[in-house]
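To start, the structure itself, in C-alpha cells.
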Amino acid sequence: MWTVGRLPPEMPQVDRQADLREAAEEELERACDLGWRELVKVTPWGDTYEGFTPAGRSAQFERNYLWVEEPGFDICVEVTVFQPEAYEQGVKLTRILTRSGR
C-alpha cells in the first residue's frame with residue numbers, strides 16, 4: 001500500500017504510441033458502427049471528448065464525418081486520439097464508408 005511520504009509503486013512502462021493506436025482503432029470501429037444509411041443523416045459532423053486509452057491514460061478523442069467528394073455519397077470517417085499537450089503526436093485513422101456498401 002502506498003502512503004504519503006513514500007514513493008508510489010513503479011508503474012509498468014507503456015508504449016504511448018501503441019496505446020494511442022489501439023485507442024484509435026477501437027474508436028474507429030465504434031465510429032463506423034452505424035453505417036452509411038444512418039451517418040448520411042448527420043454528415044458533416046464532428047466532436048471531441050475526453051476519455052481513456054486501453055492503458056488507462058487520459059486522452060482526447062476526436063471524431064469527424066466528412067463527405068469524400070460531394071454530399072450524399074461516400075463518407076470519410078476520421079478518428080484522432082491524442083494527448084492534449086501533443087496533438088501532432090496523436091494517431092489519426094480514417095475509413096471510407098461508401099454509399100453502395102462496397
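The figures follow:
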read-out	value
Cleavage-rule hits (trypsin sites (Lys or Arg not before Pro)) in the range 22-101: DSSP loop, at most 10 neighbouring Cβ within 10 angstrom	K41
Label of the coordinate-derived value, Kirkwood radius over Cα pairs in Å, listed as [x] 15.2; [y] 14.1; [z] 14.7	[x]
Once the Cα gyration tensor of the range 43-83 is diagonalised, semi-axes √(5λ) in Å	27, 8, 6
Only Lys, Arg (+1) and Asp, Glu (-1) charged, at Cβ; the chain dipole about Cα centre in debye	160
Expected 222 nm ellipticity per residue - DSSP helices of 4 or more, -39500 (n - 2.57), all of the chain, to 500	-6000 deg cm²/dmol
Residues Y87, Y65, Y49 arranged by fewest to most Cβ contacts within 10 Å	Y49, Y87, Y65
³J(HN,Hα), Karplus 6.51/-1.76/1.60, whole Hz, each residue of the range 41-49, x for Gly, Pro	6, 10, 7, x, 6, x, 7, 9, 9
Residues S100, S58 arranged by fewest to most Cβ contacts within 10 Å	S100, S58
Dipole of the chain [Lys/Arg +1, Asp/Glu -1 at C-beta], most positive-end residue of G56, G35, A23	G35
Acute angle (nearest 10 degrees) that the helix 16-31 long axis makes with the longest principal axis of the chain, alpha-carbon atoms	40
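Throughout, read-outs are computed from the coordinates displayed, never taken from laboratory work. Everything numeric here is computed off the predicted structure, so don't read it as measured data. Methodologically, a virtual Cβ is constructed for each residue, glycine included, from the backbone with ideal geometry; neighbour enumeration extends over all protein chains shown.
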